[in-house]
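*Asks:* Here's a structure for you.
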Amino acid sequence: MYRIIKIGMDVHSKNYTLCAMEPTIGAEDRIFGEVQVAPDYKEVICFIESLRMKLGFCDEYSIECGYEAGCLGYTLYHQLTEAGIKCVILAPTTMLTQQGKRIKTDKRDARLIAQCLCYGGYHPVYIPTGKDDAVKEYLRMRDDHKLAFKKLKQQINAFVLRHGHLYSGTKWTIKHFTWLKKLDLHPMYRETLDEYLASYEEQEAKIERYDNRIEEIASEARYQEKAKKLGCFLGIRTHTALSLIVETGDFKRFAKGNTYAAFLGLAPGEHSSSENVNRLGISKAGNTHLRCLLIEAAKGICKGTIGHKSKELRARQDGQPAEVIAYADKANTRLRRKYYKMIRYGKKKNVAVAAVARELACFIWGMMTGNIGIHSKADTSIPSVSQG
């Protein structure tokens, strides 16, 4: 007899809650065991072995484990897979859940995950290769330092302002830095500011070192061609291009550009009923890191003259095939024109930027899947969305 067993796992840093379930068509699902174990993959293996002993070895079994994507990342997945156990990671936003208020416990969550595994009520998370995951972590580490650098700038500005000094020019230029070093302050205040400035220079040097390393990684054979193609778009430089490559993985797993935009949480929502039409903001139900990068890229696109190509952009496009450059130029012109048109229609700036980011995602999908001879299925109309 061939039997299918699904094990839902509600995983936390302090414990794992496991629920073994066998789907039964036309009757209530059979639950063979619900336990809470220490946060160790070996405990999961022991649970599976004890389950096999309980059910007997005369039957053949198909055992599959699953857990929601969360803070544990891919570690448990890789540990179980290497041990020969089939495992999937469920995307939380795609799971079938009970409607209305419900009691939430680890035991109930494990059972819900098991039910989703039994009846296919979920979409699996894409598992990157070890190399891609390592590069992703490095890129995010660099972004964390960039945020800390921004916070440090704010702290220096606030400190100087609190003590009666205001710089009227452009900040964080050589002239501004010289002005900070020459401020006439109380000795203790001077020492404090010098420590701030030392931290500033150290953080700036770190980020420069990280950026140089990212350039080296992007020049590797597995990333170089894709990164250079993405660099043909306005607003996309090496860091953003490499992030898109390693965090998306296989672009062809998305049927069309709109699907990829939805994966990034850039698709507009709608809550309409009968004749009442209610447009919502972008869903934000996807990869937050990539979405933020594309929003920043869109802000870069929404500046400048339509059709203008800077020297930097020409340098990035140099050496690329003619059809790739033509496709990127078409996208750059179209996106800038879209932004200015939406502003003329009275749309808010953030709404227009979000719409441009969404369509940019569609063009990126087209570039990475080789669909550069056709339109990337981005909507040509002026969407009525808000960036909530």
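The values are calculated or read from the model by the stated rules, or taken from the named source; none is laboratory data. Keep in mind the model is a prediction, meaning the values are calculated, not measured. So basically every Cβ, Gly included, is an ideal-geometry build from the backbone, and we count neighbours across all protein chains shown. All accessible areas refer to the heavy atoms of the entire protein, side chains included, with ligands and DNA or RNA removed. Shrake-Rupley method; radii C 1.70, N 1.55, O 1.52, S 1.80 Å.
*Asks:* Out of the residues in segment 277-328 that are farther than 28 Å from residue 138 by Cβ, small (Gly, Ala, Ser) and not in a loop (DSSP other than H, G, I, E, B), which is least open to solvent (accessible area, probe 1.4 Å)?
*Replies:* Result: 281.
*Asks:* Can you tell which of 267, 261 is buried (at least 20 other Cβ atoms within 10 Å of the Cβ), in contact with a strand residue (DSSP E or B) (Cβ under 7 Å, 6 or more places away or on another chain) and closer than 22 Å to residue 339 by Cα?
*Replies:* Values: 261 fails: in contact with a strand residue (DSSP E or B) (Cβ under 7 Å, 6 or more places away or on another chain).
Going through 267, 261 in turn, the sole match is 267.
*Asks:* Which residue is farthest from residue 131 (Cα to Cα), if the candidates are limited to segment 62-77 and must be open to solvent by less than 50 Å² (accessible area, probe 1.4 Å) and outside any loop (DSSP other than H, G, I, E, B)?
*Replies:* Checking each candidate, the answer is 62.
*Asks:* Shifting gears a bit: Among helices (runs of 4 or more DSSP H) lying entirely in segment 158-254, which contain 3 or more residues that are in contact (Cβ under 8 Å) with a residue 40 or more places away in the chain and open to solvent by less than 20 Å² (accessible area, probe 1.4 Å)?
*Replies:* Those helices (runs of 4 or more DSSP H) span 187-218, 238-248.
*Asks:* Would you confirm, using the coordinates I've provided, whether residue 102 is at pLDDT below 85 and of a type in the set (Lys, Arg)?
*Replies:* So residue 102 fits the description; yes.
*Asks:* Is there a residue in segment 136-151 that is open to solvent by 40 Å² or more (accessible area, probe 1.4 Å), under 16 Å from residue 203 (Cα atoms) and among the acidic types (Asp, Glu)?
*Replies:* yes
*Asks:* Can you tell me which of 11, 44, 37 is closer than 20 Å to residue 108 by Cβ, open to solvent by less than 60 Å² (accessible area, probe 1.4 Å) and free of Cβ contacts under 8 Å to residues at least 24 places away in the same chain?
*Replies:* Every option except 37 fails the conditions.
Residues checked against (1) part of a loop (DSSP other than H, G, I, E, B); (2) more than 22 Å from residue 248 (Cα to Cα); (3) under 24 Å from the mean Cα position of the chain (by Cα); (4) not aromatic (Phe, Trp, Tyr):
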site: 79; (1), (2), (3), (4): no, yes, yes, yes
site: 87; (1), (2), (3), (4): no, no, yes, yes
site: 96; (1), (2), (3), (4): yes, yes, yes, yes
site: 107; (1), (2), (3), (4): no, yes, no, yes
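*Asks:* Please determine, by comparing only the residues of segment 14-32 that are surrounded by 12 or more Cβ atoms within 10 Å (Cβ to Cβ) and either at positive phi or not in a strand (DSSP E or B) (or both), which one is modelled with the highest pLDDT.
*Replies:* Taking the candidates together, the pick is 15.
*Asks:* Please state which of the following conditions residue 102 fails to meet, knowing it meets all the rest: (1) assigned to a helix (DSSP H, G or I); (2) open to solvent by 30 Å² or more (accessible area, probe 1.4 Å).
*Replies:* Among (1) assigned to a helix (DSSP H, G or I); (2) open to solvent by 30 Å² or more (accessible area, probe 1.4 Å), the lone unmet condition for residue 102 is (1).
*Asks:* Right, something else. Condition first: open to solvent by 20 Å² or more (accessible area, probe 1.4 Å), over 25 Å from residue 249 (Cα atoms) and in a helix (DSSP H, G or I). Now tell me which residues in segment 340-368 satisfy that.
*Replies:* Selection gives 340, 341, 343, 344, 349, 350.
*Asks:* Considering only residues of segment 105-131 that are under 18 Å from residue 11 (Cα atoms) and without any contact (Cβ under 8 Å) to a residue 24 or more places away in the chain, which is surrounded by the most Cβ atoms within 10 Å (Cβ to Cβ)?
*Replies:* 108
*Asks:* Follow-up. Examine segment 87-99 for a residue that is open to solvent by 40 Å² or more (accessible area, probe 1.4 Å) and closer than 12 Å to residue 7 by Cβ, and state whether such a residue exists.
*Replies:* Step one: filter segment 87-99 for residues open to solvent by 40 Å² or more (accessible area, probe 1.4 Å), giving 92-94, 96-99.
Of the ones still in play, those that are also closer than 12 Å to residue 7 by Cβ are none.
Among the residues of segment 87-99, not one is open to solvent by 40 Å² or more (accessible area, probe 1.4 Å) and closer than 12 Å to residue 7 by Cβ, which makes the answer no.
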